[in-house]
Amino acid sequence: MKNYKHIGFIILFFSLSVLNLKAQIQVTNPKNEFRAVWIATVANIDWPKSSIDNVAKQKADFIEILDTYKKLNYNAVIVQIRSVGDAFYPSQYAPWSRFLTGKEGNAPKPYFDPLAWMIAESHARGFEFHAWLNPYRATMDLNTAILSPQHDYFKHPEWMIKYGDKYYYNPALPEVSDRLTAVVDEVVKNYDIDAIHFDDYFYPYRIKGEVFNDIDSYQKYGNGLSIENFRRSNVNNLVKNISISIKKIKPWVQFGISPFGVWRNKSVDPKGSETEAGQTNYDDLFADPIAWMDNNWIDYLVPQLYWSVNHPKASYSKLLRWWSENSKNTAIYIGNGSYKINADSDKKWSNPNEIPDQINITRSYKNVQGNAFFSAKSFLNKNQNVTKLLLENQYRYPALPNVVPNSVKKMAIVPTANNILINPISSSFNVKYPLYSKVRYVMVYGAKFNSKIDVNDPSQIIDKIAFKENIDTVAIVIPTYKLDKNTTCAITFIDFYGNESEPTLVNFTL
């Protein structure tokens with residue numbers, strides 16, 4: 001009997017191996033999917049690696065992040081440019097960040113504009129650039145001696161509320177809302193960004209035994225609301241005002257928010273999720289993503305589902321379904337906790353298939369269009385067994401970000417190839433920027449030998465080339481080996497909203 005059992009175990013092992021192999025191989029590769037990574041600058045989490053690094057090293061380190069995620073076929077970066085009332089760009093409203101230059105208020109030396117430079121480098125590699133700002137957090141600790149005299153803590157102490165070991169802007173004050181809207185306006189006006197992005201820090205996470213002291217503001221502005229509804233109203237008004245302002249300045253710039261992963265627990269509200277979260281958006285952070293969607297104030301949500309697939313208190317799979325079922329008017333992407341890989345008490349994160357499995361489950365919901373990962377250092381020379389799985393399966397081919405629901409439109413223009421040149425090594429041509437249009441990229445597609453060109457097939461993406469500012473022509477060079485003996489390629493335009501034009505065939509026949 002022992003021998004038969006042994007043989008049975010061998011058969012079972014190989015059967016499971018085959019099933020596992022099929023589970024990894026039989027993965028769809030969508031042409032359109034949001035694939036983003038958060039690049040956190042606060043406390044030098046991801047970049048710069050050190051606030052005292054020289055400019056040349058900081059630039060090299062940022063390019064390393066971009067090139068790493070470009071090879072992994074990501075298509076968007078969410079870069080933190082304001083974390084504690086500071087700025088990674090020259091601002092009339094905030095001092096230079098100490099996380100950039102070592103001392104708050106000091107500009108980079110030699111001087112450059114980090115935000116303009118980061119945007120240009122990101123676009124050159126085909127990434128959307130989402131400018132990530134923390135609206136209400138004013139400091140990381142109580143050591144105000146390290147703050148610049150230009151920080152709002154000194155310029156407007158009446159705006160500040162001390163809570164725990166930090167200071168926060170008081171969300172109840174109209175002056176604060178106006179200032180934060182002006183901060184966003186400055187970025188939207190001055191920079192060629194693709195989106196403004198807020199994360200989960202609205203009213204602070206509750207601290208046991210402490211009270212967020214906004215009672216004076218509540219008595220002045222409460223207007224008969226409960227204090228909970230008053231706080232939610234303050235956040236809603238900020239989201240609404242910023243949404244209106246962004247679209248008035250540049251209609252193509254998206255507004256996205258990545259809230260905490262749980263709206264409400266079902267034990268409190270039958271509309272809530274099957275979770276046992278200790279804190280929630282609605283009840284503790286006074287943030288209401290449902291209201292933002294209902295009122296069409298945002299273009300996308302990235303709920304932070306930083307739990308394993310079957311976590312007992314907050315299951316990734318259950319929460320994914322909840323957000324899918326409760327989405328409205330808005331693109332939904334899912335935030336994944338790649339920072340937990342091999343570094344969490346939940347041992348599910350030690351399984352290299354946890355993130356690939358989460359992506360597979362996400363793709364099973366048609367109205368969820370991609371993922372974002374916190375944070376950049378998770379796959380930067382780390383966790384290579386996971387990145388290998390992604391490159392061989394889920395992220396085998398490039399993808400284009402989805403167009404957010406309110407920006408979908410048919411493009412009337414198509415690209416034209418000019419000055420076609422052919423030689424044994426490569427083929428080249430130029431594409432001119434179309435007049436009276438907002439076009440960001442030229443896409444290039446090529447089929448393998450004897451195959452027809454299909455611009456909906458991500459395996460046929462050869463390149464994504466950005467138009468540079470003030471240059472109205474892009475030069476496109478295609479190595480002969482990429483055409484695999486074919487004599488044609490296809491090109492399309494991508495506009496500032498992310499819409500793709502109809503293709504133009506380019507023939508290289510001598």
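FYI, it's all coordinate maths here, none of it is from the lab. Computed from a predicted model, the values in this text were never measured in an experiment. Ideal geometry is used to build each Cβ from the backbone, glycine not excepted, and the neighbour counts take in all protein chains shown.
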Quote the FRET efficiency, to the nearest 0.05, computed for Ala56 versus Asn296 with a Förster distance R0 of 35 Å and r equal to the Cβ-Cβ distance. 0.20
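Provide the packing ranking of 322-330, 127-135, i.e. peptides ordered by the mean count of other C-beta atoms within 10 Å per residue, highest first. Before the final figure, lay out each step's value.
Values: 322-330: 17.3, 127-135: 23.8.
Order by mean packing, descending: 127-135, 322-330.
Just check the stretch 404-473 against the gyration tensor rule for me: Cα atoms, a ≥ b ≥ c as the square roots of the eigenvalues, rounded for a/c under 1.5, and otherwise prolate or oblate depending on whether a/b exceeds b/c. Can you show the working numbers first?
Numbers: a/c = 2.30, a/b = 1.22, b/c = 1.89.
Because a/c hits 1.5 or more and a/b fails to exceed b/c, the stretch 404-473 counts as oblate.
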Cα-projected label distance for Ser345 with Asp67, points at 7 Å along beta-carbon direction, nm: 4.0 nm
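Name the shape class, rounded, prolate or oblate, that the alpha-carbon gyration tensor gives for the chain, where a ≥ b ≥ c are the square roots of its eigenvalues, rounded holds for a/c under 1.5, and otherwise prolate holds if a/b is larger than b/c and oblate otherwise.
Values: a/c = 1.79, a/b = 1.24, b/c = 1.44.
Taking the square roots of the gyration eigenvalues as a ≥ b ≥ c, the chain is oblate.
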Under Karplus coefficients 6.51, -1.76 and 1.60, residue-wise ³J(HN,Hα) of the stretch 56-68 in Hz, glycine/proline x: 4, 5, 4, 5, 4, 5, 5, 5, 4, 4, 4, 5, 4
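As a test of the formula, what do you get for the chain when each DSSP H run with n ≥ 4 contributes -39,500 (n - 2.57) and the sum is divided by the residue count, at 222 nm and rounded to the nearest 500 deg cm²/dmol? Intermediate values should be presented prior to the final figure.
On the way: 13 runs with 146 residues, N = 510.
After summing the helix terms and dividing by the residues of the chain, the value is -8500 deg cm²/dmol.
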When only Cα pairs under 8 Å and 6 or more residues apart are kept, what is the percent relative contact order across the chain? 14 percent
For the chain, what proportion of DSSP beta bridges, expressed in % and rounded to the nearest 5, is antiparallel? 50 percent
Taking the Cα centre as origin and putting +1 on Lys and Arg beta-carbons and -1 on Asp and Glu beta-carbons, what dipole magnitude results for the chain, to the nearest 20 debye? 1280 debye
Just to confirm my numbers, what's the Cα centroid distance between the stretch 97-113 and the stretch 329-386 in Å? 33 Å
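Rounded, prolate or oblate: which fits the stretch 391-444, taking a ≥ b ≥ c as square roots of the Cα gyration tensor eigenvalues, rounded meaning a/c under 1.5, else prolate when a/b beats b/c?
On the way: a/c = 3.96, a/b = 1.14, b/c = 3.47.
Because a/c hits 1.5 or more and a/b fails to exceed b/c, the stretch 391-444 counts as oblate.
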On a straight-distance basis, which lysines could pair with Lys348 in a cross-link, Cα separation under 17 angstrom, same-chain partners fewer than 8 positions away excluded? Lys313, Lys318, Lys340
Between the stretch 165-233 and the stretch 291-324, what is the separation of their alpha carbon centroids in Å? 22 Å
Which FRET efficiency value, to the nearest 0.05, do you get for Asn419 and Phe154 by plugging their Cβ-Cβ distance into 1/(1 + (r/R0)^6) with R0 = 56 Å? 0.45
